[in-house]
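Here's the structure, in structure tokens; my notes come after.
None of the figures in this text is laboratory data; all of them are computed from the coordinates on show. Keep in mind that what you see is a predicted model, and the values were worked out from it rather than measured. Glycine also receives a Cβ, built like all others from the backbone with ideal geometry; neighbour counts cover every protein chain displayed.
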Amino acid sequence: MLRAGLIRKVAAGIYTYLPLGLRVLRKIERIVREEMNRAGAQELLMPVASPAELWRETGRWDFYGKELLRFKDRHERDFCLGPTHEEVITDLFRREVRSYRQMPLNFYQIQTKFRDEIRPRFGLMRGREFIMKDAYSFDRDEAGARLNYQKMYDAYNRIFTRCGLTFRPVEADTGLIGGTSSHEFMVLAETGEETIVYSEDGTYAANVERAEVLPPDTADTSAQRPLAPVSTPNRRTVEEVTAFLKIEPRQLVKTLLYSSGKETVAVLVRGDHDVNEIKVKRLLGVPEIELLKPELVPGLTGAPVGFVGPVGLKQVRIIGDWAVKAMANFVVGANQADTHFVDANWERDFKVDQFADLRNARAGDSSPRKDGTLKTAKGIEVGHVFMLGTKYSQAMKATFLDAQGQEQLAVMGCYGIGVSRTAAASVEQNHDAKGIKWPVPIAPFHVTLLPLSQSQPVTQLAETLYRAMQEAGIEVLWDDRDERAGVKFNDADLIGAPYHLVIGEKGLAQGQVELKLRHTGETQKVAPDQVVALLS
Ligand code: ATP
Ligand code: MG
Ligand code: MG
Ligand code: MG
């Protein structure tokens, strides 16, 4: 996107959108608007700066950590730049809405968000300042909230389909937003930071953070030795660990994983924190510790950092990324008292293939999965829908009077789409060595017009075609620079409009121009007067 002149970096994670880049964002926004409106949501615009008082009411002023960029105004009052807007919208609701007759409601905005990400990277993919569509629904009851959730889920499917993306909705963790259930929309791409596990029959797909893996003692353990709780001097409770490291309990992905004989100890932390090697050494009382690189933990978001010792990295490498992810999944088990395991070896006791079996083995699983292995894929989170329940309405007393005149808490949902990330995800999914291959609906221009000489007949035809296409609603980028053909072709490929229309002296002499499809590289000779009909 930098090379193609779509964006320019101003500071880490902060970009100027250049004209071409802005056109892409506007196209995505338009699709998002149309589908939000169609699903019954109403657009409004909330401020970027929000006062600390609202965030204190929900406890998130303290809980959000350093991702929340805070500042003081001239009167020393605390403010933050909005990373998300549950507090502000819930405040609006409680001031304006009195009766069930005014509900259900769903408000959305498309706006700049600020999150002081610990590792901004990959351009617009993980910015600190970025554009998000966020919607918030308010319902009279659970059933209504579920209906709104479903409407947004359906709208998201339409939005990403219309954007020309290959994506998959997956079950997701609720993260810092909280709430009861949620789905993420993942654009499938090798470079994605998220790991998805899914069944081939399409009945199950989840973020690996969310995927349920059972402690081995509840699975079919015929091939495994019984696992027993271990007592070791290195053992610490969750409370001890979080207090010592000064982190939120939810930032602790996993505390300790033990292996008999040579003991493996791991502490995995995610989010914003000052945890370092020295602290972890002191915490565990071990002389040596190795840093587990975040790249080894692709399934974890929120900048996870792991510390492994004293066996160290070698052990982790042997048991693979999956061990680390499995540890994340064991948050339920291993962070509880007496549920640390002796002799739990990845290769032998857990495997990717066993995820499905482990799930099936779970007592009372209401939706038994078919037998078979789960596959994994890499994805980019472009959208996220949450059922919030009454988490925010309770904290902020957002109530309404029901038909019986009783005061009730609004049941909420919230729904985000990373508009700027969607643009970046599209590039990840659609490109080759020469540059971008935009899908038509979000391409900055439909056609790049490439006259190969400055001669009068070529220029004149370019002008005629340019006007004709514009009148037909075809968006054209006219490369009228006095550059060599090779330079023009390269730039056209880099920018990646889906169609390139080449006007050369030779072709013109035969009454033909050349139409090239960027996606396949196919070319076709066309009579100039057929161009508009062909592209319309
Ligand atoms: P991530 O897991 O990538 O940090 P998130 O789960 O924190 O994202 P949400 O709170 O669910 O993000 O926000 C809704 C959407 O906003 C995300 O699905 C994503 O598309 C987008 N988004 C979040 N953080 C960023 C960012 N730093 N840069 C660009 N887009 C972002
Ligand atoms: Mg996420
Ligand atoms: Mg995040
Ligand atoms: Mg999310």
Inset, instruction - Compute from the Cα atoms of the stretch 133-175 the Rg and the Dmax, the latter being the longest Cα-Cα distance, and quote both in angstrom. - result: 12.2, 35
Legend entry - Equivalent ellipsoid dimensions for the stretch 23-155 as semi-axes, Å, which come from the Cα gyration tensor, largest first: 26, 22, 13
Legend entry - Computed over the stretch 72-124, Kirkwood Rh from alpha-carbon pairs, angstrom: 14.4
Legend entry - Taking all pairs of distinct alpha-carbon atoms in the stretch 1-43, Kirkwood radius in angstrom: 11.8
Inset, instruction - Could you give log10 I(q)/I(0) at q = 0.14, 0.24 Å⁻¹ for the stretch 92-176, computed by the Debye formula over C-alpha point scatterers of equal weight, without solvent? - result: -0.72, -1.30
Legend entry - Projected-area average for the stretch 476-536 over all orientations - Cα convex hull basis, square nanometres: 4.3
Legend entry - Distance histogram in 10 Å bins (all Cα pairs of the stretch 95-139, percent per bin): 23, 33, 22, 17, 5
Inset, instruction - Would you please report the Å³ per residue occupied by the convex hull of the alpha carbon atoms in the stretch 376-499? - result: 183
Legend entry - Volume per residue that the Cα convex hull of the stretch 55-96 spans, once the total is divided by residue count, Å³: 82
Legend entry - Pairwise Cα inverse-distance average, inverted: Kirkwood Rh of the stretch 385-442 (Å): 15.0
Inset, instruction - Can you give me the P(r) profile for the stretch 11-87? Cα pairs, bins 10 angstrom wide beginning at 0, each as a whole percent. - result: 15, 31, 32, 21, 1
Inset, instruction - Could you pull the Rg and Dmax for the stretch 447-515, using just the Cα atoms, both in Å? - result: 11.2, 29
Legend entry - Net charge, THR459 excluded, C-beta distance under 15 Å - Lys, Arg +1, Asp, Glu -1: -3
Inset, instruction - Take the alpha-carbon centre of the stretch 109-123, take the same for the stretch 519-536, and report the distance between them in whole Å. - result: 40
Inset, instruction - Any of LYS9/LYS488; LYS9/LYS246; LYS27/LYS525; LYS375/LYS434; LYS27/LYS488; LYS378/LYS437 with alpha carbons more than 23 Å apart? Name them for me. - result: LYS9/LYS488; LYS9/LYS246; LYS27/LYS525; LYS375/LYS434; LYS27/LYS488
